[in-house]
Amino acid sequence: MRLVLVGPPGAGKGTQAEFIAAHLSVPKISTGDIFRANVSQGTPLGVEAKRYMDAGGLVPDEVTINMVRDRLAEADAADGFLLDGFPRTVPQAVALDKIVADMGAALDVVLELVVDNDEVVRRLAGRRNCRSCKKIWHVEFDATVKPGVCDNCGGELYQRDDDKPETIEERLRVYARDTAPLVDFYGAQGKLVGIDATGTVEDITIRAIDALRSYGS
Ligand code: AP5
Ligand code: MG
């Protein structure tokens, strides 16, 4: 299955992507994770991306599209993938259709995680990520036994630089302006399926898998 997850910052894309990709046996490809890995390694791509990420803006389309094209050319993505955080603009969506068509395939479905702004602000403000295994936690909604230490691997937890209140506001503005139009774009293609992304992580995973069942998952 070739699947795209869309939804505002903090909707739970990364959290759900982990479970859904495992269920579908496809690789999870998160552009945010790839940019963050480049930032921490200090690559030229990371240096460029960090300027935009820290300001809550989007990395330019050309840079992002080339990065995704290269990633989708890897062998593990040949038979399916789950994209988290891409596309995020209409030009990226148009480019993705072309990349996938060049692979002799098409996207199957775009799953929209629907959640309101107050909830995403609560989720982002308390988010913590593990430096080692990358698992996503929340100080209140999904807390580790020992604060600051990952239950999964014992790694150190950190707060993302772009989870500061001013940056969160800008990311939400950018989402409404640049990314929300994808709902209409994929709706017009008949590929959009929206689910309520409030409730427990487990309930949302079940809702997502149910919604994908009619697409052969
Ligand atoms: P990216 O990393 O993709 O950030 P984002 O879209 O802003 O999304 P988040 O990762 O913040 O949220 P999420 O939906 O994954 O939520 P999560 O599961 O963590 O991108 C970062 C930056 O990179 C962008 O701003 C941009 O600069 C750049 N970039 C990336 N892709 C790009 C592109 N295509 N084009 C251009 N630039 C790009 O959950 C959030 C919190 O909520 C966690 O703490 C979690 O534990 C908690 N939580 C999850 N589910 C629940 C629940 N059901 N109940 C309670 N809490 C929950
Ligand atoms: Mg994420």
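The values are calculated or read from the model by the stated rules, or taken from the named source; none is laboratory data. Fair warning: this is a prediction, and the values are worked out from it, not measured in the lab. When we count neighbours, we look across all protein chains shown, and the Cβ atoms used for this are built from the backbone with ideal geometry, even at glycine. To get the accessible areas, we keep the full protein, side chains included, count just its heavy atoms, and leave off ligands, DNA and RNA. Shrake-Rupley method; radii C 1.70, N 1.55, O 1.52, S 1.80 Å.
Here are a few things to note about the model shown:
- Sorting the Cα pairs of the chain by distance into bins of 5 Å, from 0 upward, gives 1, 7, 15, 19, 22, 19, 12, 5, 1, 0 percent per bin.
- Surface accessible to a 1.4 Å probe, per residue, for the residues of the chain, Å²: 49 Å²
- Measuring nothing but protein heavy atoms, the accessible surface of region 48-98 at 1.4 Å probe radius is 55 percent carbon and sulfur.
- Prolate/oblate/rounded label for region 129-171 (Cα gyration tensor, a/c 1.5): prolate
- Sorted largest first, the principal axis extents computed over the alpha-carbon atoms of region 89-128 equal 41, 20, 17 Å.
- With the simple spin-label model, which puts each label point 7 Å out from Cα in the Cβ direction, the Tyr215 to Glu156 separation comes to 3.9 nm.
- The magnitude of the dipole of the chain, with charges of +1 and -1 set on the Cβ of Lys/Arg and Asp/Glu and taken from the Cα centre, is near 300 debye.
- Ignoring aspartates and glutamates fewer than eight residues from Lys191 along the same chain, the ones with Cα atoms less than 13 angstrom from its Cα are Asp97, Asp108, Glu112.
- Relative packing of peptides 97-105, 170-178 - highest average C-beta neighbours within 10 Å first: 170-178, 97-105
- Diffusion constant of region 98-217 at 25 °C, which comes from Stokes-Einstein with the Kirkwood Cα-pair radius and 0.890 mPa s, µm²/s: 146 µm²/s
- Computed over the chain, relative contact order equals 29 percent, with contacts defined as Cα pairs under 8 Å that lie 6+ residues apart.
- Note on region 67-117: semi-axes of the ellipsoid equivalent to its C-alpha gyration tensor, largest first and rounded to whole Å, are 21, 12, 11.
- The mean sequence distance of close C-alpha pairs (under 8 Å, at least 6 residues apart), as a share of the length of region 3-117, puts its relative contact order at 46 percent.
- Maximal additional length on extending the Val90-Ala106 stretch stands at 4.1 nm, based on 0.36 nm per residue less the C-alpha distance.
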